[in-house]
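One structure is given below, encoded as structure tokens.
Nothing in this text is a laboratory measurement; each read-out follows from the coordinates by a stated rule. Worth saying up front: this structure is predicted, and the values here are computed from it rather than measured. Using ideal geometry, Cβ is built from the backbone for each residue, glycine included, and neighbour counts are taken over all protein chains shown.
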Amino acid sequence: DTEVTQTPKHLVMGMTNKKSLKCEQHMGHRAMYWYKQKAKKPPELMFVYSYEKLSINESVPSRFSPECPNSSLLNLHLHALQPEDSALYLCASSQDPGHTQYFGPGTRLTVL
Amino acid sequence: KNEVEQSPQNLTAQEGEFITINCSYSVGISALHWLQQHPGGGIVSLFMLSSGKKKHGRLIATINIQEKHSSLHITASHPRDSAVYICAVRVGNQFYFGTGTSLTVIP
């Protein structure tokens with residue numbers, strides 16, 4: 001199994017909703033990443049988990065809350081988002097931090 | 001200032017043409033990655049380079065560490081090569097992404 005899966009593929013939510021994005025990999029990778037990508041822009045790193053511990057938080061607002069329940073799963077909990085948070089949210093994993101990353105297909109989020 | 005610059009930003013080619021996309025960076029790096037992103041979002045890692053040259057099918061990637069420059073070449077381009085190509089450099093455990101090159105190959 002050499003893929004990273006993300007659910008849901010699309011998500012529409014209101015500014016008062018609470019939702020979660022999920023990411024899963026079964027490649028035995030020990031580093032997992034969340035990226036945010038706006039249209040026609042490169043991905044922006046949000047969080048890095050290394051060996052299930054949060055190692056990098058790129059000054060992301062607290063309305064985004066990551067969670068790594070185990071080495072195969074990565075969640076991103078969303079609460080009180082703003083319309084400008086609408087974007088493609090990409091998850092990636094790598095064998096170790098800094099190694100080649102394998103990306104999931106992304107969740108396209110729309111905040112109304 | 002962006003640590004990673006790509007050129008051109010947009011590129012249109014006729015099917016069969018040889019294509020070159022360039023990436024320059026200003027920081028000391030551990031490795032450089034070339035990524036491909038198709039419309040709809042999926043990102044595929046094409047190459048990871050720390051020196052020299054790598055080839056995979058019709059794709060060739062080169063890097064010159066002294067000049068802080070890398071190129072991605074596509075030989076005999078095909079419409080299915082149409083995508084955004086992104087250069088990313090690794091500095092320690094951090095990644096810095098270029099702004100991408102949008103390639104359209106016309107039949």
- Message: Condition first: farther than 19 Å from B:K53 by Cβ, within 14 Å of chain A (Cβ to nearest Cβ) and in contact with a Leu (Cβ under 8 Å, 6 or more places away or on another chain). Now tell me which residues in segment B:66-96 satisfy that.
- Response: B:A83, B:V84, B:I86, B:Q94, B:F95
- Message: For segment B:23-51: of the residues being in a strand (DSSP E or B) and of a type in the set (V, I, T), which is surrounded by the fewest Cβ atoms within 10 Å (Cβ to Cβ)?
- Response: B:V44
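Select, from B:T20, B:T99, the only residue that is outside any loop (DSSP other than H, G, I, E, B) and either within 14 Å of another protein chain (Cβ to nearest Cβ) or in contact with a strand residue (DSSP E or B) (Cβ under 6 Å, 6 or more places away or on another chain) (or both).
Numbers: B:T99 fails: outside any loop (DSSP other than H, G, I, E, B).
Unique residue meeting the criteria: B:T20.
Looking at A:K22, A:K9, can you tell me which residue is farther than 19 Å from B:V44 by Cα and touching a Ser or Thr at 6+ places or on another chain (Cβ under 9 Å)?
Step by step, each of A:K22, A:K9 is checked, and only A:K22 is farther than 19 Å from B:V44 by Cα and touching a Ser or Thr at 6+ places or on another chain (Cβ under 9 Å).
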- Item | Hey, A:N75 away from chain B (no Cβ under 13 Å) and within 12 Å of the chain's Cα centre (by Cα) or not | yes
- Consider B:S70 carefully, then state whether it is over 17 Å from A:K36 (Cα atoms), surrounded by 17 or more Cβ atoms within 10 Å (Cβ to Cβ) and of a type outside the set (D, E, K, R). yes
- Query: Do you know which residues across segment A:1-12 are among the hydroxyl-bearing types (S, T, Y) and part of a strand (DSSP E or B)?
  - Reply: A:T5, A:T7
- In segment B:82-96, residues that are under 17 Å from B:Q9 (Cβ atoms) and not in a strand (DSSP E or B) total 1
- Are any of the residues in segment A:22-37 under 26 Å from B:V89 (Cβ atoms), in a loop (DSSP other than H, G, I, E, B) and touching a His at 6+ places or on another chain (Cβ under 9 Å)? yes
- Task: Being closer than 22 Å to A:N17 by Cβ, more than 10 Å from every other protein chain (Cβ to nearest Cβ) and crowded, with 16+ Cβ neighbours inside 10 Å is the filter here, so list the residues in segment A:78-112 that pass it.
- Result: A:L78, A:L81, A:D85, A:S86, A:A87, A:C91, A:L109, A:V111
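Which one is farthest from B:K68 (Cα to Cα), of the residues in segment B:23-52 that are touching a His at 6+ places or on another chain (Cβ under 9 Å) and away from chain A (no Cβ under 11 Å)?
B:C23
So which of A:M46, A:M15 ends up being within 14 Å of chain B (Cβ to nearest Cβ) and either in contact (Cβ under 8 Å) with a residue 12 or more places away in the chain or assigned to a loop (DSSP other than H, G, I, E, B) (or both)?
Residue meeting the stated conditions: A:M46.
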